[in-house]
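Colleague: Supplied in structure tokens, the structure appears directly below.
What follows is calculated from the coordinates using simple rules that are stated; it is not laboratory data. Because the structure is a prediction, the values reported are computed rather than measured. Here the Cβ positions follow ideal geometry from the backbone for every residue, glycine too, while neighbour counts run over all protein chains shown.
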Amino acid sequence: MNQHRHRSRAQGQILLLSLVFLGIFLAVSTAFLGLIVTYTKSERHIVASAQARALAEAGIDEAAYQLNHDASYTGEANTELALGAFTVIVTTLNASTKQVTVTGFVPNSVHPIASKTIRVNVSIDASTISFRYGVQAGAGGFVLSGGSRINGNVYANGNIQATTGVRITGSATAANPPALVADQVNETPSAIPSCTGSTCITFANSTATQDISQSFKITTATGLNNIQFYIKKVGTPSDVIVRIVNDTAGNPGTDVLMTGNLLASSITTNFGWVTVTLPSTPVLDPAQTYWVVLDADSNSTKYYVLGANENGYANGTAKIGRYGGSWSATTPSGLDSYFRVYLGGGTSLIGGNTYTTGVYVGTEPTDDAWAHTIKGATVTGTLYCQSSSYTNKACNTSRADPTPQPMPLSDGNIEEWKNDALTGGTITGNYHSGWAGATLGPKKIVGNLLVDGGGTLTVTGTLWITGTVTVTGGGKIKLAASYGANDGALIADGPVIVNGGANFSGSGTDGSYPFLITTSACPAESGCNGADAVSLSGGVGTVAIIAQNGNVHIGGGSALKAVTAKQITMDGGAELFYDDGLISTNFSSGPGGSWTFVPGTYTIAQ
Amino acid sequence: MKGFTLIETIIVIGLTVFIMVALGNFYVNFNTVLGSNGGRMSVASGAGKIINEAEAMILPASHVLSSHEFSGTTYETNGNTVVLELPSINNSGTSIEGKYDYAVFFVNDTTAYRLLQTDPESSRISGTKQLSTEVYALSFSYDNADVTQARKVAVDVQTRLVIKGEIITNQLHEQIYLRNY
């Protein structure tokens, strides 16, 4: 019995031992599995977070795309993409800026493993086109008669001829017109289809090539009037400071004779001639060599390209470097940039009659008349001039003659609008919008556009008409509501005729106006048969008229928002109202018209 | 009374030793695998943490700076250190115009750090963050020789641990664009 009792006590030792080891085994296994689970979860979360961020950034792109098609886009929810989804919320901060908040979810917004929220601001390109003057004429100046009236300020790069009781309620400024032919020019060949090492000079893209300079000599001791460059931009560089400096041992010196600006908004991504804004018109010495320096910021993705040729300009050369630093020869050496230098072609005039009642300028003491010569005028403010006759006051000679101002649109700006219109396709043949009206745009019309019969043409995108535009018989052109507070453009290559109670209007939102632009040079070019580039009679509503190559004739009591032309003729009691809202204007498409990300506003919110 | 025979005793001792050796060996191997995998997780986690933090700072950065002073010490951007300027953000996550925070990533011996110096109006919190203690190599490269003009920073991190003679490494590489450049 005792033997059996001992045996039964000894039994189970192995089981006990096994249990101990099993416990150890299970403990270690549990720890091991726990570690693996934790690691797996952590890795899944890291990958999911990266995916959620990529989805949120995709949402930013989607928002910019949608805004560029419909400015009233406010966002979208749970849009599925790849392994997750994103939600976009667009908040309007002001007319030209919106905040886009996008949250990316993986795998979905209901049970997300990870989510990321990114917030950015998008805006219409900050380099919006500036219309500093409600009424601005180019070298042709103004020809005002028949008791016509302009409510606001006027600016002309030429004479303001006003002889028969004309009234200008603001200030009137007439800059000396430029000579018709450039004094110095380098522009051969006239077009650069694509850049090569010897046809383009890139600058503002690195510290070594930050600035470009070109030496030149003029032929006569006449004041500078106008400098132009054949230039394009890459990305969205800032404005360029333009300096005229002396020559020091074959390089730009430090004596600055003039400092002006080349506005980035006037330069597009395609080559075009762009005019420098000159604050003064220094008289240069024909015996001396001078340098025009384009001083820019340096950025590898936001820079400029100048058209150039090899030894095309005999009186100077181009150098690359940094203003205030060192200069080097171009690569290849001997390149000359494309540029034109215009000298003053004469002195400017306001008025022209032998009675003081020829033109009335101003209604407030600050409304001045400013030109080289003022004749036959009654001015409320000061007469800034060098000579006067038949005026109510004597000349105040403290100011030099005013300097010419560049026109608001460059050729490149107009080209971008045309490209924008092309995105909507082409209509071949004349287009008629009659009593039933129509909705159109963006579109290129190879032919003429006629709007009449009291119908309304609703513009939903930029229109480019290769022929004439006629709005008559109570025809109306209005911008679609989707334009919001933005402006829209109609570009014509031929003359524009607006009469017979025609009317233009914006989208219905304050600050939105249609811009009617023609590239026509009528009546100066052949084939015009005496027609003007733009002929207006009768009330035409809230529209801005642009004809930088031709004459705009305003008659019959027309009322406009703004007009810019090479020459402006007003008669028959025409009246023009200035709108301050056009000083800096945003377009929903074309130059300065796309919604783009604003650097400096990207934040990862969570 | 009948005791155990010598044979029985030897067999029992033999079996016990065999079981002990087998289980002991199993435990040791298990422990080695556990340690090795723990090390792998640790180096992977360290490398991931550095990349994640680099993303969080480089993406919203506006510029790479050539140098910046943090609490009396000046850090210079080079192949192993990157100094960043970031627009400050408010409590709602919106950038504050004209205000900037500054961050630097660097490695000291085998430890990677991120220092952050914030504007008083920023919702980011200043301080030092230890990212990993197992860094074998941390390098930064830029898309422009002039680092202040760089728009893209490539980050390459290699973490390493030696566990019982076994070398465990993890390497991550990412190119990150400065979204606010």
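Colleague: Would you list, by chain and number, the aspartates and glutamates whose Cα falls below 20 Å from the Cα of A:K233, excluding same-chain residues fewer than 8 positions away?
Modeller: In chain and number order, the partners are A:D125, A:E187, A:D211, A:D295, A:D297, A:D336, A:D411, A:E415, A:E416, A:D420.
Colleague: Multiplying the sequence separation of A:T220 and A:Y65 by 0.36 nm and subtracting their Cα-Cα distance, what value in nm do you get? Walk me through the numbers on the way to the answer.
Modeller: Working: separation 155, 0.36 × 155 = 55.80 nm, distance 5.33 nm.
Between A:T220 and A:Y65, full extension yields 50.5 nm more.
Colleague: Here is a further query. Give me A:S190, A:S198, A:S115 ranked fewest to most by other Cβ atoms within 10 Å of their Cβ, as a rough exposure proxy.
Modeller: Placing the least packed residue first, the sequence is A:S190, A:S198, A:S115.
Colleague: Let me ask something else about it. Where does the Debye-calculated log10 I(q)/I(0) of the stretch B:33-177 sit at q = 0.10, 0.15, 0.16, 0.17 Å⁻¹, using only Cα point scatterers of equal weight, no solvent?
Modeller: Log10 of I(q)/I(0), two decimals: -0.36, -0.74, -0.83, -0.91.
Colleague: Where does helix A:13-69 land angle-wise versus the long Cα axis of chain A, in degrees 0 to 90, nearest 10?
Modeller: With both axes taken from Cα atoms, the answer is about 10 degrees.
Colleague: Please identify the GluC sites (Glu not before Pro) of the stretch B:109-172 that satisfy two criteria: DSSP loop assignment and at most 13 other Cβ atoms within 10 Å. Which are they?
Modeller: Listed in order of number, the matching sites are B:E121.
Colleague: Using the beta-carbon distance between A:D285 and A:A394 and R0 = 25 Å, what value does 1/(1 + (r/R0)^6) give for FRET efficiency, to the nearest 0.05?
Modeller: On the way: r = 33 Å, r/R0 = 1.32.
With a Förster radius of 25 Å, E is 0.15.
Colleague: Follow-up question, since we're still on this one. By DSSP, what percent of the beta bridges with both residues in the protein assembly as shown are antiparallel, rounded to the nearest 5?
Modeller: Around 60 percent of the beta bridges assigned by DSSP in the protein assembly as shown are antiparallel ones.
Colleague: Taking the beta-carbon count within 10 Å as an exposure proxy, list A:I192, B:I50 from fewest neighbours to most. Don't skip to the end; give the middle numbers.
Modeller: Numbers: A:I192 18, B:I50 24.
Fewest-to-most Cβ neighbours within 10 Å comes out as A:I192, B:I50.
Colleague: Also: Using a simple charge model, +1 on the beta-carbon of Lys and Arg, -1 on the beta-carbon of Asp and Glu, nothing else, what dipole does chain A show about its Cα centre, in debye to the nearest 20?
Modeller: Roughly 2020 debye, rounded to the nearest 20.
Colleague: As I understand it, the value is the acute angle between the Cα axis of helix A:411-422 and the longest principal axis of the Cα atoms of chain A; what does it come to in degrees, rounded to 10?
Modeller: 60
Colleague: Just tell me which aspartates and glutamates come within less than 15 Å, Cα to Cα, of B:K152; anything on the same chain fewer than 8 places away is out.
Modeller: Once the sequence-local aspartates and glutamates are set aside, what remains near B:K152 is B:E55, B:E85, B:D143, B:E174.
Colleague: Across chain A, where is the longest run that never hits chymotrypsin sites (Phe, Trp or Tyr not before Pro) in a DSSP loop with at most 16 other C-beta atoms within 10 Å?
Modeller: Answer - A:1-354.
Colleague: Here is a further query. Running a GNM on chain B with Cα contacts under 10 Å, which residue among B:Y100, B:Y142, B:Y27 ends up with the highest mean-square fluctuation?
Modeller: B:Y27
Colleague: From the phi of every residue in the stretch A:168-183, what ³J(HN,Hα) in whole Hz does the Karplus formula 6.51 cos²θ - 1.76 cosθ + 1.60 yield, where θ is phi - 60° and glycine or proline is x?
Modeller: For the stretch A:168-183, the Karplus-derived couplings read 10, 6, x, 8, 10, 10, 10, 8, 4, x, x, 5, 5, 10, 5, 6 Hz, x marking Gly and Pro.
Colleague: Whole-Hz Karplus ³J(HN,Hα) for the stretch B:63-73, in order, using 6.51 cos²θ - 1.76 cosθ + 1.60 and θ = phi - 60°, x for Gly and Pro?
Modeller: My calculation for the stretch B:63-73 gives 8, 8, 9, 5, 6, 7, 9, 10, 6, x, 10 Hz in order.
Colleague: For chain A, taking Cα atoms only, what is the radius of gyration to one decimal and the Dmax to the nearest whole Å?
Modeller: That works out to 33.5, 153 Å for Rg and Dmax.
Colleague: Enumerate the amide H contacts of A:A492 below 5 Å, restricted to partners 5 or more residues apart or on another chain; note that Pro and chain-start residues carry no placed amide H.
Modeller: Amide H neighbours of A:A492, under 5 Å, 5+ apart: A:I465, A:I517, A:T518, A:T519.
Colleague: Go ahead and run the numbers for FRET between B:N25 and A:L33, Cβ-Cβ distance against an R0 of 35 Å, rounding to 0.05.
Modeller: After rounding, the FRET efficiency stands at 0.95.
Colleague: So, one more: Given a Förster distance of 45 angstrom, what is the FRET efficiency for B:F4 paired with B:T32, based on the Cβ-Cβ distance and rounded to 0.05?
Modeller: Here the calculated transfer efficiency is 0.75.
Colleague: Now for a separate question. In units of 2.2 N^0.38 Å, what is the alpha-carbon radius of gyration of the stretch A:232-365?
Modeller: Numbers: Rg = 19.0 Å, N = 134, 2.2 N^0.38 = 14.1 Å.
Rounded to two decimals, the normalised Rg is 1.34.
Colleague: Step through the residues of the stretch A:314-329 one at a time and calculate ³J(HN,Hα) from phi using the Karplus curve (6.51 cos²θ - 1.76 cosθ + 1.60, θ = phi - 60°), rounding each to whole Hz and writing x for Gly and Pro.
Modeller: 7, 9, x, 8, 9, 9, 10, x, 9, 4, x, x, 9, 10, 10, 5
Colleague: Follow-up question, since we're still on this one. Students often get this wrong, so check it: of A:K319/A:K418; A:K98/A:K319; B:K49/B:K99, which have C-alpha atoms separated by over 30 Å?
Modeller: Where the Cα-Cα span goes over 30 Å, the pairs concerned are A:K319/A:K418; A:K98/A:K319.
Colleague: While we're on this one: Based on DSSP, what percent of beta bridges with both residues in the stretch A:314-409 are antiparallel, to the nearest 5?
Modeller: In the stretch A:314-409, DSSP labels about 20 percent of beta bridges as antiparallel.
Colleague: Separate question: Okay, helix-only estimate at 222 nm for the protein assembly as shown: each DSSP H run of n ≥ 4 adds -39500 (n - 2.57), divide by all residues, round to 500 deg cm²/dmol; what do you get?
Modeller: On the way: 4 runs with 131 residues, N = 787.
It comes out at -6000 deg cm²/dmol, rounded to the nearest 500.
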